[in-house]
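Right, one structure below, let's go through it.
The values are calculated or read from the model by the stated rules, or taken from the named source; none is laboratory data. Quantities reported herein were computed from a predicted structural model and do not represent experimental measurements. With ideal geometry, Cβ positions are generated from the backbone for all residues, glycine too; neighbour counts draw on all protein chains shown. For the accessible areas, the whole protein counts, side chains as well, though only heavy atoms, and no ligand, DNA or RNA atoms are used. Shrake-Rupley method; radii C 1.70, N 1.55, O 1.52, S 1.80 Å.
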Amino acid sequence: MHIAEGVLPPVILASCAALSAAGVCIGVKKLDYDRLMTTAILSASFFVASLIHIPIGPVSGHLILNGLLGLLLGWVAFPAILVALVLQAILFQFGGITSLGVNTLNMALPPVICFYIFRPMLTNGSTSLRFAAFFCGFTAVALSAIFTSGTLALGGDNFINSAKILLASSVPVMIIEGLITAVVVSFIAKVSPQLFPFTINTPQASPTTQSAASSTAE
Amino acid sequence: MTLESFAEGTSPLHSMDAAAKLVAATIFSVCTALLTTIEAACGALLIGLLLLGIAKLSARTLAKRLLFVNAFIAFLWLTLPVSTAGTPLYSWNGFTVTHEGIHIALLITLKSNAIVTAFIALLATSNITDIGTGLAKLRVPQKLSLLFLFTWRYLHVILEEYKRLSTAATLRGFVPGTNSHTYKTYANLIAMVLIKSHDRAERVSNAMKLRGFNGTFHTLYTRQSSPFDSISACIIALSGIALLAADHFQIMELL
């Protein structure tokens, strides 16, 4: 879901770049040196996820994992995704310098929104872990698709058809992404809960079973 | 798997300072993105191709890469000519291809390829570590340039880990398909990769702290920036600006 270079009009490119820059500034402020390695790991996973093609019926789509990044990083998702996109641009020429702002905004704003919706759900234990994680992954990709086609549609009336096709084609990816995020989050919560910077409280799992699981993992 | 497909080479562009190339590529890309006429976009594409010629890259990898980049453009060609209002050029089954539609699709194709060719010639010819130090030299916030370098470092760790686990899955008879088993397997695999890489990163982080890491990353490759670098960067940037000026004042129409 990268918008290529030279497609969008300069006004949109500039305003998206300004918004992304603001997001990256907030993220860099919130990023402390102790979390740098974890952030780098997640940024690298975002990059690697785009190389993993998962079959969906006759075609295949690649993972995005931005919901997971949002859940774990919050605002720091902005610099993490910016870095991964710069690497993708340099190594594979997906996107590029002028569309970096648009692409960062479209990919990194949804995780930040998801962070505010779903992290409270996970910490106060009101909903089941899998349910919240599924919708976190689903919503992040859905919002990214909506933002991407939205910016494309803002580019002019003639882009509206392309935007519609883009949006429709990413529906299966949203569902797969939700499923994968649900399993990944519950796996990590069982095996290595210290990966989360917050404690997960679920209605089912009692704290004793969780600490037992983590002690066997170590 | 080597990710830096174009970084090996001996051309003048390969030996240029990464910071100078970053500046040149940014200015050139921004100028090209602002172009509005086909003639100026052709000029930009010519400059891009010229830079590629100087970089002397492997033609096969290059062709593959450009084909891939143009997939998005091809998708726009499917919709743009019929969904732009204007003077009809050709009509078929209720779809009308307009002159304006073809014009805008062509302009986008030229601009996009111009930027991509220049970008490959300038930035894909540096290795990532050099670009990271180049970013630091350009006064990008230290946390960002460190994050860039560490991400590049861990990318390989994660990729290796992922490959090892997916080989293990294949050996155990895992064939991906459209079913919940496939998705669950991938998810468990990804979670395991994350956990393993996180543990490893934690160990590296502790080791670095014990050795007195204070946030500065010392590079072993020091390259003296020569006046040649700044001059060539200036020429590339100026050619972009000149094209933009020509486009703006419609000098092309006078020719």
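If you check A:V59, A:V28, A:V24 for being among the hydrophobic types (A, V, I, L, M, F, W, C), free of Cβ contacts under 8 Å to residues at least 24 places away in the same chain and within 11 Å of another protein chain (Cβ to nearest Cβ), only one passes: A:V59.
Is there a residue in the range A:109-120 that is within 12 Å of another protein chain (Cβ to nearest Cβ), assigned to a helix (DSSP H, G or I) and open to solvent by 10 Å² or more (accessible area, probe 1.4 Å)? Lay out the reasoning, then the answer.
So the first thing to find is which residues in the range A:109-120 are within 12 Å of another protein chain (Cβ to nearest Cβ), and the list is none.
Checked the range A:109-120: no residue is within 12 Å of another protein chain (Cβ to nearest Cβ), assigned to a helix (DSSP H, G or I) and open to solvent by 10 Å² or more (accessible area, probe 1.4 Å).
Is it true that some residue in the range B:223-232 is part of a helix (DSSP H, G or I), closer than 25 Å to B:R153 by Cβ and either facing another protein chain (nearest Cβ under 9 Å) or open to solvent by less than 60 Å² (accessible area, probe 1.4 Å) (or both)? No, the conditions are met nowhere in the range B:223-232.
Assess whether B:L147 counts as being within 30 Å of A:D32 (Cα to Cα), open to solvent by less than 30 Å² (accessible area, probe 1.4 Å) and touching a Leu at 6+ places or on another chain (Cβ under 7 Å).
Values: within 30 Å of A:D32 (Cα to Cα): yes; open to solvent by less than 30 Å² (accessible area, probe 1.4 Å): yes; touching a Leu at 6+ places or on another chain (Cβ under 7 Å): yes.
For B:L147, the condition - within 30 Å of A:D32 (Cα to Cα), open to solvent by less than 30 Å² (accessible area, probe 1.4 Å) and touching a Leu at 6+ places or on another chain (Cβ under 7 Å) - is met.
When the range B:26-42 is filtered for residues that are part of a helix (DSSP H, G or I) and open to solvent by 20 Å² or more (accessible area, probe 1.4 Å), the ones remaining, listed by number, are B:T26, B:I27, B:V30, B:I38, B:E39, B:C42.
B:R139 meets all of the listed conditions (1) touching a Ser or Thr at 6+ places or on another chain (Cβ under 9 Å); (2) open to solvent by 30 Å² or more (accessible area, probe 1.4 Å) but one, namely (1). Among the residues of the range A:62-72, just one is at the interface with chain B (Cβ under 9 Å from one of its Cβ atoms) and assigned to a helix (DSSP H, G or I), namely A:L68.
Taking the criterion of being buried (at least 17 other Cβ atoms within 10 Å of the Cβ) and assigned to a helix (DSSP H, G or I), the residues of the range A:162-174 that qualify are A:S162, A:A163, A:L166, A:L167, A:V173, A:M174. The C-beta contact set for the range B:72-86 (first residue more than 7 Å from every other protein chain (Cβ to nearest Cβ), second residue open to solvent by less than 20 Å² (accessible area, probe 1.4 Å), distance under 7 angstrom, 6+ apart or interchain) comprises B:W77/B:A105; B:P81/B:T98; B:P81/B:G101; B:P81/B:A105; B:V82/B:G101; B:A85/B:T98; B:G86/B:T98; B:G86/B:G101. Which of the residues belonging to the range A:153-177 are touching a helix residue (DSSP H, G or I) at 6+ places or on another chain (Cβ under 9 Å), more than 9 Å from chain B (Cβ to nearest Cβ) and touching a residue at least 60 places away in the same chain (Cβ under 8 Å)? The answer is A:L154, A:G155, A:S170, A:V173, A:E177.
Of the residues making up the range B:112-151, those that are facing chain A (nearest Cβ under 7 Å) and not in a helix (DSSP H, G or I) are B:L123, B:A124, B:P141. For B:K21, the conditions (1) surrounded by 15 or more Cβ atoms within 10 Å (Cβ to Cβ); (2) modelled with pLDDT under 85; (3) not aromatic (F, W, Y) are fulfilled apart from (2). Scanning the range B:182-208 for residues that are out of contact with any helix residue (DSSP H, G or I) (no Cβ under 8 Å at 6 or more places or on another chain) and at the interface with chain A (Cβ under 9 Å from one of its Cβ atoms) returns B:T182, B:D199, B:M208.
Screening B:L57 with (1) in contact (Cβ under 8 Å) with a residue 40 or more places away in the chain; (2) within 30 Å of A:K164 (Cβ to Cβ); (3) not in a helix (DSSP H, G or I) gives one miss only, at (2).
Checked against (1) assigned to a helix (DSSP H, G or I); (2) more than 9 Å from chain A (Cβ to nearest Cβ), B:T96 passes all but a single condition, namely (1).
Evaluated against (1) under 11 Å from the mean Cα position of the chain (by Cα); (2) of a type in the set (F, W, Y); (3) open to solvent by 10 Å² or more (accessible area, probe 1.4 Å), A:F78 falls short on exactly one condition, (3).
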